[in-house]
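First comes the structure, then the notes that go with it.
The values are calculated or read from the model by the stated rules, or taken from the named source; none is laboratory data. Just so it is clear, the model here is predicted, and its values are computed rather than measured. Using ideal geometry, Cβ is built from the backbone for each residue, glycine included, and neighbour counts are taken over all protein chains shown.
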């Protein structure tokens, strides 16, 4: 189908707005999201931070392009504010290892630890020694179960989850000229991040009168995504598009469509992926990828941490904006999200 003009897209989005206006991003404990850009330091506050001779440590859940971008954002902002980063660790998605990482970090006596907890349920045991040692805590995406904002931690820095799902729906509506059938693969687990993104996408599609979700299936095991995609297309041979809850399972759906010789069904998903982006720039099935501003999550975390170190109160849940990346905006999207050029296969340096 032909793409919409800018005026037509604007008109369609006006139709969609009333249905999704009530949905706003909430944090893991139902906290209202505060725009990350609103968290700033005055010149006097920056001077106070620099005079404090503070230090910071970073404890990540795993290594990935996304976590590297968050970490780089935090380190760059800490450097700007005169806060020395004395340690950085990667738990490899192992909660026990993260507990050990925190113990190792504490030997450096950081003023603040910025971290993404591997497992919020067991995380209190890992982070309480930090509190006992006098370190402040600033989290990314989630916080340990039972920890209280303003007492146990400064804030949580994350993404505008509803905006991500909404932009995925809008991008797909643009690709299909506001008319078509959609398969909906959502995350079948109680996880506030994916749940809000998925629901926002669905609400956006349902707000377009000529678009219809004709197949939907929850995904608990990402390895089953190709089976679901195959079933969707077998039962709806003319299916125009499939939404997949995040990039890893979307790669399997793309492989299934290729294996079936299906060039008609578009894919839209969330979180950057080189294989998906490569298909997109080559005019394949992938229509759009929506990403958060990962680097900005890091700079926001560092900025909030600095405010916490000088005794300022920060709103509990800080949300950065989302970016819809298409075949024409891969380089711009990679830079906006990850603060670096895309891989060489996508035209990066």
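So here's what we get for this one:
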| quantity | calculated |
| --- | --- |
| Count of the range 89-125 residues which are assigned to a loop (DSSP other than H, G, I, E, B), in contact (Cβ under 8 Å) with a residue 60 or more places away in the chain and in contact with a strand residue (DSSP E or B) (Cβ under 6 Å, 6 or more places away or on another chain) | 1 |
| Hey, residue 120 over 18 Å from residue 303 (Cβ atoms) and modelled with pLDDT under 95 or not | yes |
| Breaking point among (1) out of contact with any strand residue (DSSP E or B) (no Cβ under 9 Å at 6 or more places or on another chain); (2) assigned to a helix (DSSP H, G or I); (3) modelled with pLDDT under 95, for residue 22 | (2) |
| Residue match in the range 139-158 (condition: part of a loop (DSSP other than H, G, I, E, B), buried (at least 24 other Cβ atoms within 10 Å of the Cβ), assigned by TED's automatic domain parsing to the domain that holds residue 72 and more than 24 Å from the chain's Cα centre (by Cα)) | no |
| Qualifying residue in the range 62-77 (condition: in contact with a strand residue (DSSP E or B) (Cβ under 8 Å, 6 or more places away or on another chain), modelled with pLDDT under 95 and assigned to a helix (DSSP H, G or I)) | yes |
| Residue 130 crowded, with 19+ Cβ neighbours inside 10 Å, without any contact (Cβ under 8 Å) to a residue 60 or more places away in the chain and outside the structural domain of residue 261 (by TED's automatic domain parsing) | yes |
| Filter result for the condition that a residue is under 16 Å from residue 245 (Cα atoms) and in contact (Cβ under 8 Å) with a residue 12 or more places away in the chain, over 214, 162 | 162 |
| Residue check, residue 203 without any contact (Cβ under 8 Å) to a residue 12 or more places away in the chain, surrounded by fewer than 23 Cβ atoms within 10 Å (Cβ to Cβ) and outside any loop (DSSP other than H, G, I, E, B) | no |
| Filter result for residue 59 (modelled with pLDDT under 95, in the same structural domain as residue 150 (by TED's automatic domain parsing) and outside any loop (DSSP other than H, G, I, E, B)) | no |
| Verdict on residue 94 being crowded, with 22+ Cβ neighbours inside 10 Å and farther than 26 Å from residue 319 by Cβ | no |
| Complete set of residues in the range 248-293 that are crowded, with 22+ Cβ neighbours inside 10 Å, under 16 Å from the mean Cα position of the chain (by Cα) and not in a loop (DSSP other than H, G, I, E, B) | 249, 250, 268, 269, 270, 288, 289, 290, 291, 292 |
| Residues of the range 163-200 classified as closer than 20 Å to residue 27 by Cβ and assigned to a helix (DSSP H, G or I), total | 14 |
| Of the criteria (1) in contact (Cβ under 8 Å) with a residue 40 or more places away in the chain; (2) over 15 Å from the mean Cα position of the chain (by Cα), which one residue 341 fails | (1) |
